[in-house]
1. Taking LEU306, is it at pLDDT below 90 and touching a Lys or Arg at 6+ places or on another chain (Cβ under 6 Å)?
2. Is it the case that some residue within the range 745-759 is in contact with a Pro (Cβ under 7 Å, 6 or more places away or on another chain), open to solvent by 60 Å² or more (accessible area, probe 1.4 Å) and either in a strand (DSSP E or B) or among the polar types (S, T, N, Q) (or both)?
3. Taking the stated definitions as given, is VAL58 surrounded by 24 or more Cβ atoms within 10 Å (Cβ to Cβ), within 27 Å of the chain's Cα centre (by Cα) and farther than 24 Å from ALA101 by Cα?
4. I'd like to verify a number: residues in the range 210-247 that are among the small types (Gly, Ala, Ser) and in contact with a strand residue (DSSP E or B) (Cβ under 8 Å, 6 or more places away or on another chain), how many?
5. Do we find that THR767 is closer than 17 Å to SER622 by Cα and open to solvent by 20 Å² or more (accessible area, probe 1.4 Å) in this structure?
6. List the number of the failed condition for PHE595; all other conditions in (1) of a type outside the set (A, V, I, L, M); (2) farther than 28 Å from ARG807 by Cα; (3) part of a helix (DSSP H, G or I) hold.
7. Can you find even one residue in the range 202-211 that is part of a helix (DSSP H, G or I), under 26 Å from ARG452 (Cβ atoms) and of a type in the set (Ser, Thr, Tyr)?
8. Tell me, yes or no, whether the range 604-622 has at least one residue that is surrounded by fewer than 24 Cβ atoms within 10 Å (Cβ to Cβ), of a type in the set (Gly, Ala, Ser) and within 17 Å of VAL643 (Cα to Cα).
Amino acid sequence: MFSALLAGVVILAAALLLGAAVMALSGRPRHSPVAPAAGLSALLVICGIAVKLPGHAVTAAVAAGVALIGAFVLLGRSSSPAGSVRIGAIVAVLGAALLAALPYMVNGRIGILGQGLINDDWASHLLFTEWIDTHAGPTPDLVQDGYPLGPHAIVAAAVKVTGASLLEGFAGLTGAIAVLLGLTAYGALPGVREWMRAPAAILVSSPYLAAAYLSQGAFKEPVLALALIGFALALPAVGPAWSGGGGWRAAIPLGLIAAGTIYNYSFPGLAWLLGAGLIWMLLVAWRERDPATEGLTARLRLGERLRGARPALLAAVGIPVLLAVPEIFRLASFGNFEAINPEGEGPSVGFGILRQPLNPLEAFGIWPSGEFRITPANSGTPEIAFYLGGLLALTAFAWGLGRALARRELALPSTVAAATLLYLAALAFGTPYTEAKALAVGAPVIMLIALRGLLSADSIEDEEAPREPAAWWPPLHKRPPQTPRPNHPLVGVGVPLLTIAFVSAAAISMLLPLRESAVGADHHYQEMVRMRPLVDGQRVLFLGRDNFVSWELIGSEVYAPITNHYDTEEIPPLYRATPVNAKFDWDNVPVHPEFASEEFPAEEFSDEDFALDDFDWVITTSAASVSEAPLGFEPRLRTRDFVLWQRSGETGERRTLFEPLNPGALLDCSDPAQARLTRLDGTATAFGTLPVLGATWTPDPELSQSRPASQSIYLTPGRWEISLQYASTQPLRVTASGPGLPPPGLKVTLRTNLLFRGPSPYYPVGTIEVTKPGEVTFEAAVDDPPLVGRLLGSDSRAFLDQIAATRADPARERIPLSQACGRYVDWYEPAPGTPPAALEGIPGPVPHPAAED
């Protein structure tokens with residue numbers, strides 16, 4: 001935890017110092033609320049460029065250090081007002097940091113946010129971050145496609161400076177972003193009493209949808225939201241240039257924020273900034289129009305304004321263009337990214353992690369569900385609560401927007417207008433994925449506008465409001481001309497009540513996804529890291545479920561027979577994954593690369609489709625409920641959950657019966673096609689005793705800390721190895737007892753396992769010695785969450801699938817094929833020289849082409 005905190009502090013301090021220097025350079029107060037966005041943007045650009053140079057992450061850290069020294073020198077020579085540290089700002093910093101740390105505190109560990117339950121995109125982010133530093137192994141697919149790597153470069157540099165792990169570095173980045181958003185919001189709420197200003201800033205740092213994105217490890221959308229608010233707050237400073245001509249220095253923050261956006265979000269991110277800027281320019285021109293002039297263009301004086309503002313416009317456009325030169329080719333290739341391309345193919349293209357499009361009401365801050373992807377109709381919360389909350393949030397936002405417009409404030413309304421237009425464009429021409437991102441980016445802006453209005457904040461820096469708001473404000477208020485403005489009951493009573501209701505509901509909504517967030521443990525990562533030196537630079541076949549394996553084994557080419565979208569290549573499998581399970585087993589891999597069959601002709605395969613013969617290294621789980629390793633493979637390294645196998649010889653003619661999800665199958669000689677096998681020369685490797693598979697967990701295979709589950713299976717005397725398919729957010733306690741199981745029976749604790757986005761392999765549980773036949777009852781219970789989780793009402797969860805008992809004495813025996821009738825056959829090997837025609841018609845799997853990714 002300390003290393004994560006240190007990494008966050010380093011990133012935060014660097015961004016604030018650089019931001020203060022940028023403000024001083026632009027001739028504005030260094031404590032401006034624009035500074036956090038400008039400083040982080042500067043850091044994105046510096047690290048994003050430097051990480052491409054020799055030395056990579058070290059060079060990025062050095063470049064950032066040199067920039068910070070330059071910032072110190074600049075601030076020492078600047079006459080820009082420094083401001084003072086306020087208690088409210090400190091409270092906002094601590095509150096925003098605490099919110100960002102809440103998922104880790106609820107789960108009791110630093111790990112991968114959102115793993116398994118929602119979003120495994122950190123599999124890519126971790127791989128990218130380590131790759132840009134080491135360049136180990138092949139270039140990740142998305143990096144080739146132009147994926148922006150500015151945040152990854154910051155994390156890589158921070159890790160070098162602090163000694164934190166990558167997981168801790170990303171935790172630090174997440175916290176720093178939330179704090180920077182909180183400080184920006186605090187600065188954008190001038191005139192609000194301190195006891196209300198700091199909590200409001202905290203709420204803006206993580207409104208519901210931003211908190212939901214934070215809880216699943218998404219950091220690019222919060223960074224873009226910070227850039228968008230900072231850009232809006234920087235617009236009024238260039239007002240004099242747009243109104244009648246002025247200097248260019250005030251446009252420096254605009255240009256730098258735009259450049260940082262390119263390194264964070266590539267060119268799509270510029271759409272928010274460009275839209276906000278253009279709308280603001282038009283609204284200012286309309287507000288200052290000359291009614292006496294004929295023609296709209298003449299009234300707005302657009303030509304005159306463009307000529308007068310040329311220096312500022314050149315700075316705002318020239319800075320990002322110049323700084324984006326190192327990214328120019330990557331920008332061009334990023335347009336083919338499938339998630340933003342509505343013309344892609346496949347059922348998940350355009351949806352990403354979503355199940356359906358998000359409800360736009362979520363962006364307004366009140367949504368009574370810990371799961372942001374759920375529809376009101378499918379939630380356990382009464383459906384009416386979602387719409388009443390949405391109505392309350394819309395009312396608060398309408399009040400804030402109305403007050404801003406009545407006071408002739410244009411910067412933030414222009415920004416929310418741009419966000420709205422982009423959401424509508426995504427709705428019409430984009431994908432649900434881009435719609436959701438538009439909502440997430442706009443959520444903090446919406447919250448800031450609502451709270452500024454409800455708390456009667458003063459005008460933001462450089463945007464002076466008129467002494468009297470428009471005559472129509474507040475609404476429902478009518479007064480005769482030339483009379484003093486009375487205090488309408490709507491203002492004196494209604495607004496405080498609305499504020500209390502809105503803030504309370506928004507705060508509760510914000511906490512829901514944070515307390516329910518999943519944080520993965522790093523046990524499997526630590527096990528895989530032990531294998532890295534052995535398989536570095538080589539081709540590895542992975543027979544498990546782990547979306548992070550390409551990062552964990554960076555430097556190697558990792559393949560699997562199960563589709564994995566995170567830079568793991570798929571090979572042709574013998575069994576395609578079903579909706580509820582898949583075969584993580586040696587027997588799901590063709591032995592030889594001759595794949596053609598009647599079902600799938602040769603042209604459906606490519607030269608890059610590999611078989612078992614093409615691998616010298618294979619990783620399986622260490623559970624007993626798997627097929628025996630083929631001939632020619634020996635264990636090289638065993639960890640608690642995995643075995644690394646190394647080729648030591650030829651595989652041979654290994655064949656299997658049809659065994660979709662199991663490690664073997666009964667040879668049924670009443671079937672003439674199977675009976676033909678017993679008339680061939682060769683051997684069968686059969687289980688000594690039929691493996692025993694459990695049935696159903698009661699009362700439910702989905703557990704919480706207050707609801708354990710159990711089931712009984714019948715076992716004969718002997719030593720049995722127990723395996724389990726499971727996932728759990730906290731350690732899982734498994735016990736076994738029965739009349740034939742001497743005390744203490746079995747008492748083990750399985751580690752947290754969140755590798756369950758889809759089917760799961762078996763993991764080892766333990767070994768039991770049964771002394772007499774009978775029922776053995778297995779009970780499973782998940783541990784309570786840590787204290788913080790319990791205080792917030794968080795649940796521990798576990799999901800149990802099949803439990804299996806495999807006889808250990810002997811596990812397998814080799815018999816002639818002629819004696820295999822009725823035996824549970826793992827695999828068989830025909831005698832050398834057996835003609836192919838003799839094997840025709842015997843049931844068995846055929847290779848399926850690798851799935852399109």
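1. Against the criterion (at pLDDT below 90 and touching a Lys or Arg at 6+ places or on another chain (Cβ under 6 Å)), LEU306 does not qualify.
2. yes
3. no
4. Looking only at that region, the number is 2.
5. Spelling it out, THR767 is indeed closer than 17 Å to SER622 by Cα and open to solvent by 20 Å² or more (accessible area, probe 1.4 Å).
6. Among (1) of a type outside the set (A, V, I, L, M); (2) farther than 28 Å from ARG807 by Cα; (3) part of a helix (DSSP H, G or I), the lone unmet condition for PHE595 is (3).
7. There is at least one residue in the range 202-211 that is part of a helix (DSSP H, G or I), under 26 Å from ARG452 (Cβ atoms) and of a type in the set (Ser, Thr, Tyr).
8. Looking through the range 604-622, at least one residue is surrounded by fewer than 24 Cβ atoms within 10 Å (Cβ to Cβ), of a type in the set (Gly, Ala, Ser) and within 17 Å of VAL643 (Cα to Cα).
The values are calculated or read from the model by the stated rules, or taken from the named source; none is laboratory data. As the structure is a prediction and not an experimental result, all values here were calculated from the model. Glycine also receives a Cβ, built like all others from the backbone with ideal geometry; neighbour counts cover every protein chain displayed. Protein only, heavy atoms only, side chains kept; ligands, DNA and RNA dropped before computing areas. Shrake-Rupley method; radii C 1.70, N 1.55, O 1.52, S 1.80 Å.
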